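Notes follow the structure.
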Amino acid sequence: MERVVHPIEQESFRRLRARLDTSHLPPLTRAVTERVVHSAADLGYAADLVMAEAELAAAHRALHAGAPVVVDVEMVAAGITRRATVCRLKDARSGPGLTRSAHAMRLAYDEVGPGALWVIGCAPTALEELLTLDASPALVIGLPVGFVGAAESKAALRDSGLPAVSNVSEKGGSAVAAAALNALLYHPVSLSAVPSDPAEEHL
């Protein structure tokens with residue numbers, strides 16, 4: 001299905017690139033960076049994000065081959081516009097030393113097993129719990145937000161060696177996490193035909 005890009009989005013990306021040069025970035029890194037910056041209107045993400053093109057390429061293939069997408073909260077799910085997602089937060093329960101968000105990760109893993117893409121934009125404890133599971137993810141988009149545990153959980157994600165998109169600072173959130181996943185969804189399946197304008201990408 002072809003994605004129709006609204007003229008406002010096209011103009012927004014034109015203005016973004018007038019203020020931020022991303023032309024030196026590899027295709028998927030550029031797509032993720034621009035989508036995240038666009039979603040938050042925050043140019044600072046360009047220097048804050050951490051990702052590897054080879055990992056993004058493998059995740060892109062898995063995503064378009066039908067790998068499940070797990071999210072930590074419904075706000076992330078609402079921002080992912082072209083793929084059904086798994087969110088088990090409503091079914092989760094907190095307990096001693098366990099938050100609802102962490103329990104939701106366990107429930108989701110029981111449902112989807114290894115090889116999923118995990119998109120965490122709210123709870124640092126969800127990301128921390130994911131790192132304890134043998135999830136063998138295709139990709140972890142770890143962009144939780146907050147002054148308690150967010151930066152630390154993202155540093156732990158990077159230290160884990162798992163394929164990931166993260167950022168160094170405390171900032172993050174559902175919108176930017178969804179945007180990172182959408183960048184991979186919107187990017188052409190054929191990487192040999194990469195458009196110069198990520199705002200004009202189609203499935």
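The values are calculated or read from the model by the stated rules, or taken from the named source; none is laboratory data. What you see is a predicted model; the values in this text were computed from it and never measured. Positions of Cβ are generated from backbone atoms using ideal geometry, with glycine treated the same way; all protein chains shown enter the neighbour counts. Areas reflect the complete protein model, heavy atoms only, side chains present, ligands, DNA and RNA absent. Shrake-Rupley method; radii C 1.70, N 1.55, O 1.52, S 1.80 Å.
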(request) For the chain, with all protein chains present and a 1.4 Å probe, just round the carbon and sulfur fraction of the accessible area to a whole percent. (result) 56
(message) With a cut-off of 8 Å between alpha carbons and a minimum separation of six or more residues, what is the relative contact order of the chain in percent?
(response) 26
(message) Which one, V76, V165, V86, has the greatest fluctuation when you compute a Gaussian network model over the chain with C-alpha springs under 10 angstrom?
(response) V86
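Do the sum for the chain: with -39,500 (n - 2.57) for every DSSP H run of n ≥ 4, divided by all residues, what is the mean residue ellipticity at 222 nm, to the nearest 500 deg cm²/dmol? Please report the intermediate quantities before stating the final value.
Numbers: 9 runs with 93 residues, N = 203.
After summing the helix terms and dividing by the residues of the chain, the value is -13500 deg cm²/dmol.
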(request) For an R0 of 35 angstrom, estimate the FRET efficiency from the Cβ-Cβ distance between A18 and R61 and round to the nearest 0.05. (result) 0.60
(request) List every residue whose amide H lies under 5 Å from the amide H of N167, counting only residues 5 or more places away in sequence or on a different chain, with H placed 1.01 Å from N in the peptide plane. (result) V50
(request) Once you have the Kirkwood Rh of the chain from its Cα pairs, apply Stokes-Einstein at 25 °C and 0.890 mPa s and quote D in µm²/s. (result) 146
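Sum up the charges of everything whose Cβ sits under 13 Å from the Cβ of K154, counting Lys and Arg as +1 and Asp and Glu as -1, but leave K154 out. Before the final figure, lay out the partial values.
Working: positive: R158, K171; negative: D48, E128, E152, D159, E170.
Cβ neighbours under 13 Å give a net charge of -3.
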(request) Could you provide, to the nearest whole Å², the per residue accessible area of the chain with probe 1.4 Å? (result) 45
(message) Rounded to whole Å, give me the distance from the Cα center of the range 135-196 to that of the range 18-79.
(response) 6
(message) What does the charge count around L181 come to, taking other residues whose C-beta lies under 11 Å from its C-beta (Lys +1, Arg +1, Asp -1, Glu -1)?
(response) +3
(request) Multiply the residue separation of E170 and E11 by 0.36 nm, subtract the distance between their alpha-carbon atoms, and state the gained length in nm to one decimal. (result) 54.3 nm
(message) Give me the one-decimal nm value for the distance between modelled label points at A155 and D134, 7 Å along each residue's Cα-to-Cβ direction.
(response) 2.9
